[in-house]
Amino acid sequence: MRTIAQIPHSLMRITVTSWNDKYQLRFELDRYEQVFKVDHEGWDVPKLEQLAVRISESVLHGFVAMRASFIEQSTL
């Protein structure tokens, strides 16, 4: 796996990697991670950066939901 780019964000670490003819757009916050995989064909780093910016708010909400679910289930 090769790191291609780091995309700046105030709360999350956003990384673009390349592996097995796919790009991975990886969002990390605390102990949580979301990864989106796309084929190399039709995508490049600038397009992935634009996508990351467009979906970052939705991803952040996903992290909040993941954390809430984890806390709820781990206290049962």
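Throughout, read-outs are computed from the coordinates displayed, never taken from laboratory work. Remember, predicted model here, so these are calculated numbers, not experimental data. Here Cβ is always computed from backbone atoms with ideal geometry, including for glycine, and neighbour counts include all displayed protein chains.
Key figures for this structure:
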{"item": "Folded to 0 to 90 degrees: helix 45-74 orientation relative to the chain principal axis, Cα", "result": "20 degrees"}
{"item": "The chain: GluC sites (Glu not before Pro) in DSSP loop, at most 10 other beta carbons within 10 Å", "result": "E41"}
{"item": "Quotient of C-alpha Rg and 2.2 N^0.38 Å, computed over the chain", "result": "1.20"}
{"item": "Point-to-point label distance, R13-V35, nm (Cα→Cβ direction, 7 Å offset)", "result": "1.4 nm"}
{"item": "Sparse-neighbour loop sites [trypsin sites (Lys or Arg not before Pro); segment 11-51; at most 15 other C-beta within 10 Å; DSSP]", "result": "R31"}
{"item": "Nearest-0.05 FRET efficiency for T75 and I55, computed from C-beta distance (R0 35 Å)", "result": "0.70"}
{"item": "Which of M12, M1 has the fewest Cβ neighbours within 10 Å, and the rest in rising order", "result": "M1, M12"}
{"item": "Point-charge dipole on Cβ atoms (K/R +1, D/E -1) for the chain, about Cα centre, debye to 20", "result": "100 debye"}
